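Following: one structure in structure tokens, then a few remarks.
Here, each number is a calculation from the coordinates, and none is a lab measurement. Being a predicted model, the structure only gives us computed values, none of them experimental.
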Amino acid sequence: MLDQLTRTATIAIIDSSNLIPTLAIGGTFLVGGIAVLGGVYNSISTRRQVEKSRREIAAYIAEGSMTPEEGERLLNAGPGEKSKC
């Protein structure tokens with residue numbers, strides 16, 4: 001009984017009248033999900049690079065090859081947080 005019910009449900013989903021709307025909705029969710037994941041990845045990698053640059057500037061200041069004023073100028077020279085496309 002359960003096998004027949006499962007087979008009937010599968011046939012109803014794959015029915016040609018439901019196929020195109022199902023693919024359209026599924027494709028929309030797939031593309032949206034990929035876009036969200038891409039945005040999250042971009043945000044994480046950008047933040048990692050900013051932190052890496054801050055650590056490198058701090059190391060240069062600590063070893064004395066850069067003055068604190070030069071380091072501050074470099075840190076403030078970036079585009080900042082509000083420059084997003």
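Quick notes on this structure:
- Applied to the range 52-64, the Karplus parametrisation 6.51 cos²θ - 1.76 cosθ + 1.60 on θ = phi - 60° returns per-residue 3J(HN,Hα) values of 4, 5, 4, 5, 5, 5, 4, 5, 4, 5, 5, 7, x Hz, with x for Gly and Pro.
- Table column - 3J(HN,Hα) (Hz), the range 23-29, Karplus curve with 6.51, -1.76, 1.60, x for Gly and Pro: 5, 5, 5, x, x, 4, 5
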